[in-house]
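The values are calculated or read from the model by the stated rules, or taken from the named source; none is laboratory data. It should be emphasised that the depicted structure is a prediction, and the values quoted were computed from it without experimental measurement. Cβ: placed from backbone, ideal geometry, glycine included. Neighbour counts: every protein chain shown. Keep in mind that these areas ignore ligands, DNA and RNA; they rest on the heavy atoms of the full protein, side chains included. Shrake-Rupley method; radii C 1.70, N 1.55, O 1.52, S 1.80 Å.
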Amino acid sequence: MLELSVKTLLAYLLGALLGSLVLGRLRGIDIRRAGSGNAGATNALRTQGKLFALAVLVVDIGKGVLAVLYLPQASLPDVPLDPEISRAWLTLACGFAVIVGHVYPVWFGFRGGKGVATMVGVVGALDPRLLLPVLGSWFVVLVLTGYVGLASMLAGAALVGCVYLLEPGNAALLGFCAAIEIFVVFTHRGNIARMRAGKEHRVQRLWLFRSRTA
């Protein structure tokens, strides 16, 4: 249990290093005081520009990859590898912890982002085959509706469906992806409320029907 506890905690702390907030401090800004107030790449793009948003994505996706590919196998001082712990389960635990850390970062008052970019890093590291349907569904929904939040939530649903079809006997991975989707929907509850009220921001440049209704 020592290995599980330590590595899950390290994954959480890694997730708590948000690209937008770390890079923002280097620039002398707090992105949570700009735009929508969210500490994710979307708000970074709206308020700080493309290069800053790209750097945020690299950091947030990269830490998801690192938590899945490196931490479960890492040899840590005074933390021996536990033969009774499944590497697969430990990998999933680290993957979920790094996403939670991004959403509730201890370093930044537990006010983080929505966890989508970090989820992409985790999913890609677990099984690169899942990236195409996840990113494809995200883009299609964004083009059809203009809503980034809705695209993110439906991309999570597509992830669950793809795992069910591609890995029908992998209950651990399916349960993990279902938990991610529930968590993503929870983090977007504010977006859901704004969409219902007709006040949610749309990405006009990518929204296919903007000329008809905007």
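Structure notes:
- Among residues of region 163-192 being surrounded by 18 or more Cβ atoms within 10 Å (Cβ to Cβ) and among the β-branched types (Val, Ile, Thr), the one that is farthest from residue 88 (Cα to Cα) is 187.
- The conditions of being basic (Lys, Arg) and more than 19 Å from residue 187 (Cα to Cα) are met by residue 27.
- Of all the listed residues (160, 106, 122), the sole one being surrounded by 24 or more Cβ atoms within 10 Å (Cβ to Cβ), farther than 25 Å from residue 201 by Cα and of a type in the set (Val, Ile, Thr) is 122.
- Of the residues making up region 193-207, at least one is within 22 Å of residue 115 (Cβ to Cβ), open to solvent by less than 80 Å² (accessible area, probe 1.4 Å), modelled with pLDDT of 90 or more and more than 15 Å from the chain's Cα centre (by Cα).
- Test: residue 157 is small (Gly, Ala, Ser) and under 18 Å from residue 96 (Cα atoms): yes
- Residue match in region 1-15 (condition: among the small types (Gly, Ala, Ser) and closer than 18 Å to residue 111 by Cα): yes
- When we screen 140, 98 for residues that are in a helix (DSSP H, G or I), open to solvent by 20 Å² or more (accessible area, probe 1.4 Å) and not basic (Lys, Arg), the only hit is 140.
- Single condition residue 1 does not satisfy, out of (1) within 22 Å of residue 77 (Cα to Cα); (2) open to solvent by less than 50 Å² (accessible area, probe 1.4 Å); (3) not small (Gly, Ala, Ser): (2)
- Near pairs, Cβ below 8 angstrom, 6+ apart or cross-chain, from region 153-182 (over 21 Å from residue 64 (Cα atoms)) to any residue that is among the basic types (Lys, Arg): 166/129
- Selection count, region 86-130, where residues are within 19 Å of residue 58 (Cα to Cα) and either among the β-branched types (Val, Ile, Thr) or modelled with pLDDT under 90 (or both): 13
- When residue 47 is tested against the conditions (1) closer than 16 Å to residue 205 by Cβ; (2) surrounded by 20 or more Cβ atoms within 10 Å (Cβ to Cβ); (3) free of Cβ contacts under 8 Å to residues at least 60 places away in the same chain, the lone failure is (2).
- Evaluation of residue 133 against (1) touching a Leu at 6+ places or on another chain (Cβ under 9 Å); (2) open to solvent by 30 Å² or more (accessible area, probe 1.4 Å); (3) within 16 Å of residue 56 (Cβ to Cβ); (4) not aliphatic (A, V, I, L, M) (one fails), failing number: (3)
- Pick from region 64-95, criterion in contact with a Lys or Arg (Cβ under 8 Å, 6 or more places away or on another chain) and hydrophobic (A, V, I, L, M, F, W, C), ranking: surrounded by the most Cβ atoms within 10 Å (Cβ to Cβ): 94
- For region 11-42, a residue qualifies if it is free of Cβ contacts under 8 Å to residues at least 60 places away in the same chain, in a helix (DSSP H, G or I) and open to solvent by 30 Å² or more (accessible area, probe 1.4 Å), and the qualifying residues are 22, 23, 25, 26, 27, 33.
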